[in-house]
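Throughout, read-outs are computed from the coordinates displayed, never taken from laboratory work. Keep in mind that this is a model prediction, so the values were computed, not measured. Quick reminder, even Gly has a Cβ in these numbers, built from the backbone with ideal geometry, and neighbours come from all protein chains shown.
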Amino acid sequence: MFNQPPAIQFELPGWIGAYTQGISPMQAVNDRMSFVIEASRRNVSEQTGGPFAAAIFERDSGKLVSLGVNLVMTERLSILHAEMVAFSLAQRKLNTYDLGADCLLVHELVTSTEPCAMCFGAICWSGVRRLVIGARDEDARAIGFDEGPKMAERWIELQQRGIDVVHDIQREKAAAVLSEYLLAGGGIYNSRQRKLE
């Protein structure tokens, strides 16, 4: 007899509530990235997921809307990348699938590492108007993560969709979290393991 779960749900790590409690708006992009990188580091040190974090902010006010961390291994769902978690939380909080709706303020995604192929797709449909990136694709690949096939013209594609892109904000600090994760024995959770070249 066929059977499948009637709903999908996931839980955020307990530390996120305290980490985001009373957070003030952050005007500077560097402050927003520091907040996200520290969340990625905390996700590693608390052993609650992979070395990635992402947040949705109101672009102009710097107000935090949602914080997501990578939950792939802990929740056993391959879609739970930090960006996907951040999008899901923000969209549920604002009760819309479109973070770029006319009735809303402009939103941005700040992510500790360049999004993988799946998350790039989600960015196009999320409604965010700016993408702010810490570590690069090659930093994630260097420790063994499979980032998927990405179009060479992906940056042009985002800009044609009205999404500004800012690269390399605190890249070294963001990449250091990836290295710390690998050195701590963190799992590289590709569906098909590949040897590092």
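The string of couplings for the range 32-46 from the Karplus curve (6.51, -1.76, 1.60, θ = phi - 60°) is 5, 5, 4, 4, 6, 4, 5, 5, 5, 5, 5, 4, 6, 5, 7 Hz, one whole number per residue in order, with x for Gly and Pro. Using R0 = 30 Å, the C-beta based FRET efficiency linking Cys103 and Ser78 works out to 0.35.
Under 15 Å of direct C-alpha separation, and excluding same-chain neighbours fewer than eight residues apart, Lys63 reaches these aspartates and glutamates: Asp31, Glu108. Relative to the Cα centre, the charge distribution of the range 46-197, modelled as +1 at Lys and Arg Cβ and -1 at Asp and Glu Cβ, gives a dipole magnitude of about 260 debye. Taken over the range 19-94, the alpha-carbon convex hull comes to 84 cubic angstrom per residue. Applying 0.36 nm per residue to the separation of Glu172 and Trp15 and subtracting their alpha-carbon distance, the gain on full extension is 54.0 nm.
Remark on Arg136: its backbone amide H falls under 5 Å from those of Glu114, a criterion applied only to residues 5 or more positions apart or on other chains, H modelled at 1.01 Å from N. Model label sites at Asn3 and Glu180, defined 7 Å from Cα along the beta-carbon direction, differ in position by 4.3 nm. Contact order for the range 60-132, expressed relative to its length and based on alpha carbon pairs under 8 Å spaced 6+ residues apart, stands at 27 percent.
For Gly68, the residues whose amide H sits under 5 Å from its own are Ala54, Ala55, Ile56, Ala86, ignoring neighbours fewer than 5 places away on the same chain, with H placed 1.01 Å from N. Magnitude of the charge dipole for the range 70-132, about its Cα centre and with charges confined to Cβ atoms of Lys, Arg (+1) and Asp, Glu (-1), is about 120 debye.
Amide hydrogen proximity for Val165: with H placed 1.01 Å from N in the peptide plane, the residues at 5 or more positions away or on another chain lying under 5 Å are Leu131. The charge dipole of the range 28-94, taken about its Cα centre with unit charges on the Cβ of Lys, Arg, Asp and Glu (plus for the first two, minus for the last two), comes to roughly 120 debye. The average projected area of the chain, computed from the convex hull of its Cα atoms over all directions, is 12.5 nm².
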